[in-house]
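The values are calculated or read from the model by the stated rules, or taken from the named source; none is laboratory data. Source: prediction; values computed, not measured. For neighbour counting, all protein chains shown are included, and Cβ atoms are generated from backbone atoms with ideal geometry for every residue, glycine included.
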Amino acid sequence: MSDQDDLPKLLGDCVHCGFCLPTCPTYVLWGEEMDSPRGRIHLMQQHADGAPLSAPMVEHFDQCLGCMACVTACPSGVQYDRLIEMTRADVEREHPRPLQERVIREAIFQLFPYRRRLRALRGPLRVYQRTGLDRLVRRTGLLERLSPSLAAIERLAPPLGKAPRLPGRVAARGDRRATVGMLTGCVQGEFFPGVNAATARVLALEGCDVVIPKGQGCCGALSLHSGREEEARAFARRTVETFEAVDVVVVNAAGCGSAMKDYRDLLADDPDWSGRAAALSAKTRDLAEFLVELGPRAERGPLPVTLAYHDACHLSHAQGVRGQPRALLAGIPELTVREIADPDICCGSAGTYNLLQPEAASALGERKAVNVDATGAELLVAANPGCSMQIATALRRRGADIAVAHTAQVLDASLRGLGREALLGRAS
C-alpha cells in the first residue's frame, strides 16, 4: 500500500487534543496554531481535500523542524513524521519556489551530501578561518545582506584542523566479539573526522573488527527529511549495497541512523529493493545503542569532568535512544552528567533547517545555549554533527566557555586513559 493510500487514516488519527503543543519548537516560539503539529495537520487535510499548496501554507510546512517531539508526546499515536515527509514531497513536486530560494536549496543539496565536494571546501575554509577573514566578514554583515542562508552556512562551520583518514578496517583489540560496518557520513566525515576516529577506536577497544567501506556515500538523510524522495531513494540503494555484507551497521550521527532505519518504508514499493532495504534497517544501530547491547569489556579510566548531555531529536524521538548514551556515560568513573532543561525542545539544527530558516533556528539555538549554560557544565555532549555545530555557535555567541564533544570522544578518552585535559582540549 502506498503512502497516499494511507493518508486518510494518518490524518484521521489526530484528535486535536493539544498534547503536542508544549513540545513543538515553533509553537513554543510563536504561539501560532498553524505552526503547531495539529495546525499543520489541519492544513494537510485541506490539501488532501483538494486545496492547492499556497505560499502561506507551504511556509507553515517549511517552518516545521521535523523534530518529532510531537510523535513522542502524542497519546493517539499520530505518525506526524510520515505526514510531514509526505507533505514535503508534495511541496517539492507541486509548489514553484522563488528563484533565490531554489538556488539556495539546490546549492545546499549539491554540496552537503557529497564527501568529495565537502573535502574540496575544507582547504579554503581552513585558510579563511586561520587568517581571521571570517571575523572580518561577520563584522561587515555582508553575507547577511546577500543571503541569511549563506551567512548561516558560514557562521555554523566548525573550526577545522587536520583531518585524520581512517583505514578500510580497524582490527579488534583482544578477542573479537563482533564485526561491524561503520558509516562515516558526509558532514561528520569532513567537519568532525575526530568523531569517526574515536568511534572506530572505541569499537575496536570493545572487541569489534570495524569495516569502513571506502566507497560509501551519503545515506540520504538530508534529502529524505526535505521531501526529495527520488534523491533519497538513490542514496539509500547505494548505502544498502555498500553495507549488505556486514552483520551490523554502526552509525554515530543521529539523523543518518534515523534515515537508515527508515529505508524499509522508503523503498517498500520497490520490489527489487524492499527486502534488502528492510534487512539493512533491521541491522542498523546507533553507536550508543550497539555498545549497550554488546556490553562493556574495556576498562574505563576516570574523567573528572562535568558535562551536559543533549538529546538529538533524531536519536531520542526518531530512534527512541535515550537511556543508552546516559548509561555509557554513567559507567565512566568521576564523570558528572547534568540534565538540560526542556530537553525535548529542538536546538534548531534539524538537518538543513538552520540554513533555510536561520532566524527561527537562531532563536532556538539561543534558547538551548541558555539552558546548557545554566547546567554549569564544562562540556556539552551531543550525538549529531548538526546539533554540535548549532549549539556550539550559540554558545560562542553567548561567550560561554563550554566545549562540545560526541559521546564517542568521551568514551575514547576514558578507555585510553587520556584524562580530563586531553578530553577538553580535543573537544571542539
Query raised in the report: In the range 295-328, what residues are buried (at least 21 other Cβ atoms within 10 Å of the Cβ) and touching a Leu at 6+ places or on another chain (Cβ under 9 Å)?
Result: Leu303, Val305, Leu307, Ala308, Tyr309, His310, Cys313, Val321, Gln324, Pro325, Leu328
Query raised in the report: Give me the pairs: first residue in the range 344-372 and on the phi > 0 side of the Ramachandran plot, second residue polar (S, T, N, Q) and surrounded by fewer than 22 Cβ atoms within 10 Å (Cβ to Cβ), beta-carbon distance under 8 Å, and six or more apart or on different chains, which are they?
Result: Gly348/Ser362
Query raised in the report: Where residues in the range 1-15 are loosely packed, with under 13 Cβ neighbours inside 10 Å and not in a helix (DSSP H, G or I), which of them is modelled with the highest pLDDT?
Result: Val15
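Working carefully through the options Arg177, Arg105, find the one that is within 30 Å of Leu203 (Cα to Cα) and out of contact with any His (no Cβ under 7 Å at 6 or more places or on another chain).
Answer to the check: Arg177.
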Query raised in the report: Can we say Ile153 is β-branched (Val, Ile, Thr), within 20 Å of Asn354 (Cα to Cα) and touching a residue at least 40 places away in the same chain (Cβ under 8 Å)?
Result: yes
Query raised in the report: Looking at (1) over 25 Å from Glu289 (Cα atoms); (2) in contact with a helix residue (DSSP H, G or I) (Cβ under 6 Å, 6 or more places away or on another chain), can you tell me which one Ile340 breaks?
Result: (1)
Query raised in the report: Looking at Ala163, is it in a loop (DSSP other than H, G, I, E, B) and either crowded, with 17+ Cβ neighbours inside 10 Å or touching a helix residue (DSSP H, G or I) at 6+ places or on another chain (Cβ under 6 Å) (or both)?
Result: yes
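Name the one entry in Val248, Val202, Val240 that is among the β-branched types (Val, Ile, Thr), modelled with pLDDT of 95 or more and buried (at least 24 other Cβ atoms within 10 Å of the Cβ). Write out each step before concluding.
On the way: Val248 fails: buried (at least 24 other Cβ atoms within 10 Å of the Cβ); Val240 fails: buried (at least 24 other Cβ atoms within 10 Å of the Cβ).
None of the other options fit; the residue is Val202.
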**Report entry** Listing of helices (runs of 4 or more DSSP H) fully contained in the range 55-149 that carry 2 or more residues being within 20 Å of the chain's Cα centre (by Cα), among the hydrophobic types (A, V, I, L, M, F, W, C) and under 13 Å from Ser226 (Cα atoms)
**Finding:** 80-94, 99-111
Query raised in the report: Hey, among Gly174, Gly194, Gly161, Gly215, which residue is at positive phi, modelled with pLDDT under 95 and out of contact with any Asp or Glu (no Cβ under 8 Å at 6 or more places or on another chain)?
Result: Gly174
Requested in this report: State whether the residues of the range 352-370 include one that is among the basic types (Lys, Arg) and crowded, with 19+ Cβ neighbours inside 10 Å.
Outcome: yes
**Report entry** Residue that is modelled with pLDDT of 90 or more and surrounded by fewer than 18 Cβ atoms within 10 Å (Cβ to Cβ), where the choices are Ala405, Ala392, Ala374
**Finding:** Ala374
Report task. Determine whether the range 336-347 contains at least one residue that is outside the structural domain of Gly77 (by TED's automatic domain parsing) and buried (at least 24 other Cβ atoms within 10 Å of the Cβ). Result -> yes
Query raised in the report: In this structure, does Ser388 turn out to be in contact with a strand residue (DSSP E or B) (Cβ under 8 Å, 6 or more places away or on another chain) and within 25 Å of Gln110 (Cβ to Cβ)?
Result: yes
Query raised in the report: Only one of Gly39, Gly31 is surrounded by 15 or more Cβ atoms within 10 Å (Cβ to Cβ), farther than 18 Å from His317 by Cα and among the small types (Gly, Ala, Ser); which?
Result: Gly39
